[in-house]
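The values are calculated or read from the model by the stated rules, or taken from the named source; none is laboratory data. The structure displayed is predicted, hence computed values, not measured ones. Cβ atoms come from the backbone with ideal geometry, glycine included; neighbour counts cover every protein chain shown.
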Amino acid sequence: MSETYKLGTQCLHAGQEPDPTTMSRAVPIYRTSSYTLRDTEHAANLFALKELGNIYTRLMNPTQDVLEKRVAALEGGAAALAVSSGTSAVFYSIINICQVGDEVVSANTLYGGTYTMFK
């Protein structure tokens, strides 16, 4: 959303344009797990990240894309990442902050999965 909108409008509309075919304003829920590829070149470009597009829902999904764009707009960020669990969120955070050989200092009263990841 290039213009400045109030919070309520951003909550409802950020990150999504009406469907050009149906003119639906609501975000569709894509329940597919896989997507078709035009040809082998298209597939190679997608998997090499030379071209953006849907490959497999675990990696990218149009509904998830709207959620990420909307959260980024609401938080004033450049981008957002939706993950499937809190453990995934902790993992993505730590792996992007720490380097090989770094140490993480934390309490030992963490969620068990997080504690095990840090050990």
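Take the conditions (1) on the phi < 0 side of the Ramachandran plot; (2) in a loop (DSSP other than H, G, I, E, B); (3) exposed (fewer than 10 other Cβ atoms within 10 Å of the Cβ); Val83 misses just one of them, which is (3). A Cβ distance below 8 Å, combined with a sequence gap of six or more or placement on separate chains, defines the contacts here; from the range 14-29, residues that are on the phi > 0 side of the Ramachandran plot reach no residue that is part of a loop (DSSP other than H, G, I, E, B) and modelled with pLDDT of 80 or more.
Exactly one residue out of Glu51, Glu103, Glu68 is at pLDDT 85 or above, loosely packed, with under 10 Cβ neighbours inside 10 Å and among the charged types (D, E, K, R), and it is Glu103. The condition (being of a type in the set (Phe, Trp, Tyr), touching a helix residue (DSSP H, G or I) at 6+ places or on another chain (Cβ under 7 Å), modelled with pLDDT under 90 and surrounded by 10 or more Cβ atoms within 10 Å (Cβ to Cβ)) is satisfied by just one residue among Tyr56, Tyr30: Tyr30.
If I filter the range 86-119 down to residues being part of a loop (DSSP other than H, G, I, E, B) and among the polar types (S, T, N, Q), which single residue comes out as nearest to Gly15 (Cα to Cα)?
Filtering the range 86-119 down to residues part of a loop (DSSP other than H, G, I, E, B) leaves 98-111, 119.
If we keep only those that are among the polar types (S, T, N, Q) too, we end up with 99, 106, 108-109.
Details: Gln99: 33, Ser106: 35, Asn108: 39, Thr109: 37 Å.
The qualifying residue nearest to Gly15 (Cα to Cα) is Gln99.
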